[in-house]
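This is the structure, below, for whatever I ask next.
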Amino acid sequence: MSKDIQGTTVVVTGGASGIGLAIADAFLQHGAHRLILLDLNAQQADQAAATLNAKHGNKATFILCDVTKDLDNVTKVIIDTYKTVDVLVNSAGIVNERNPRKVIEINLTAVIEWSLKYLEIMRTDRGGKGGTIINISSIYGFMVDPYLPTYKASKFGVIGFTKSKGHEYNFKKTGVRLLAICPGVTKTNLLADYKNFEEKENQEDFVATFDSFPWAEVTRVGQTVVEVFGKADSGTAWVIQGDEPVFDA
């Protein structure tokens, strides 16, 4: 399966920084026609859109969005303005073991709700053009160690949902691919404070474990997502760790 990025309209949640911004940049670099960044951080997102526009021409725009509350309103604005969406990237995410409800709400519930909403818009059996939904999971979506259990639960859930809803049976009916991306440890603002992620009893061992992982540059993750977009079958999950070759988990 080979998918062309040329001329596509791409929506990226959590697109103001980190992996979301790197993916947005990579899609524009490879020919996307329109990029819509959704984020809660207005100042950061405004600057991100300006940077992308300076680099790629006037193709990026920003809409203020809380993924846990604004799905219907923001989607209406997008469809009213751009008529169609070809690619949705669900990349908004947090790490906060002290607030498990919020982690599940942002990392998993919102991913499911946004996926289902855009699946209905895209599906060919109900008048849509087809499309691709990319859900950002993590290497912690399948790897088990003693740390970040709530974060892991959210990311395990993303893989389970994506593989099930993206199953070939569903893809044949809807014409919509669902893909999961599982980055390893990546140099982003989200991980800048990783030494304070865990409760104190696990802190020292957790930091040592994280320090031992191969770290990836965020630009590599963005470029690899575009590579995966071009070739991946629906219902697959792709691991990007350090400089190692990407593989289907």
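Would you check if there is a residue in region 2-9 being of a type in the set (S, T, N, Q) and in contact with an Asp or Glu (Cβ under 6 Å, 6 or more places away or on another chain)? Lay out the reasoning, then the answer.
Applying the first criterion (of a type in the set (S, T, N, Q)) to region 2-9 yields 2, 6, 8-9.
Pick out the ones that are also in contact with an Asp or Glu (Cβ under 6 Å, 6 or more places away or on another chain) and you get 8-9.
Scanning region 2-9 turns up at least one residue that is of a type in the set (S, T, N, Q) and in contact with an Asp or Glu (Cβ under 6 Å, 6 or more places away or on another chain).
Okay, moving on. Taking region 3-20 on its own, how many of its residues are without any contact (Cβ under 8 Å) to a residue 60 or more places away in the chain and closer than 18 Å to Leu64 by Cβ?
1
Say we look at region 67-106 and pick out the residues that are within 16 Å of Phe197 (Cα to Cα) and under 14 Å from the mean Cα position of the chain (by Cα); which of these is surrounded by the fewest Cβ atoms within 10 Å (Cβ to Cβ)?
Ile94
Can you pull out every residue in region 223-244 that is part of a helix (DSSP H, G or I) and of a type in the set (A, V, I, L, M)? Working first, answer last.
Keep residues of region 223-244 that are part of a helix (DSSP H, G or I), which gives 223-231.
Hits for region 223-244 are Val225, Val226, Val228.
Answer with yes or no whether Glu168 is of a type in the set (Asp, Glu), out of contact with any Leu (no Cβ under 8 Å at 6 or more places or on another chain) and touching a residue at least 60 places away in the same chain (Cβ under 8 Å). I'd like the intermediate steps shown before the answer.
Details: of a type in the set (Asp, Glu): yes; out of contact with any Leu (no Cβ under 8 Å at 6 or more places or on another chain): yes; touching a residue at least 60 places away in the same chain (Cβ under 8 Å): yes.
In short, yes.
Identify all residues within region 25-54 that are within 18 Å of Val85 (Cβ to Cβ), touching a residue at least 60 places away in the same chain (Cβ under 8 Å) and under 16 Å from the mean Cα position of the chain (by Cα); write none if there are none.
Across region 25-54, the qualifying residues are Ala26, Phe27.
Within region 201-222, is there a residue that is touching a strand residue (DSSP E or B) at 6+ places or on another chain (Cβ under 6 Å) and outside any helix (DSSP H, G or I)?
yes
What are the residues in region 36-78 that are of a type in the set (Val, Ile, Thr), under 13 Å from Thr13 (Cα atoms) and out of contact with any helix residue (DSSP H, G or I) (no Cβ under 7 Å at 6 or more places or on another chain), if any? Working first, answer last.
Here is the first cut: in region 36-78, the ones of a type in the set (Val, Ile, Thr) are 36, 51, 61, 63, 67-68, 74-75, 77-78.
With under 13 Å from Thr13 (Cα atoms) added as a condition, the list becomes 36, 61, 63, 67-68, 74-75, 78.
Val74, Ile78 - these are the residues of region 36-78 that are of a type in the set (Val, Ile, Thr), under 13 Å from Thr13 (Cα atoms) and out of contact with any helix residue (DSSP H, G or I) (no Cβ under 7 Å at 6 or more places or on another chain).
I would also like to ask the following. Could you list all residues from region 87-105 that are touching a helix residue (DSSP H, G or I) at 6+ places or on another chain (Cβ under 8 Å) and either without any contact (Cβ under 8 Å) to a residue 60 or more places away in the chain or of a type outside the set (Val, Ile, Thr) (or both)? Walk me through how you get there before you give the answer.
Of region 87-105, the ones touching a helix residue (DSSP H, G or I) at 6+ places or on another chain (Cβ under 8 Å) are 87-97, 100, 103-104.
Scanning region 87-105 gives Leu88, Asn90, Ser91, Ala92, Gly93, Asn96, Glu97, Pro100, Val103, Ile104.
Starting from residues that are crowded, with 17+ Cβ neighbours inside 10 Å and at positive phi, keep the ones in region 12-54 and report whichever is modelled with the lowest pLDDT.
Ranking the qualifying residues of region 12-54, first place goes to Gly18.
Out of (1) within 22 Å of Val176 (Cβ to Cβ); (2) crowded, with 24+ Cβ neighbours inside 10 Å, the odd one out for Ile5 is which?
(2)
The values are calculated or read from the model by the stated rules, or taken from the named source; none is laboratory data. Please read all numbers here as calculations on a predicted model, not as lab measurements. Note that each Cβ is placed from the backbone with ideal geometry, even for glycine, and that neighbours are counted across all protein chains shown.
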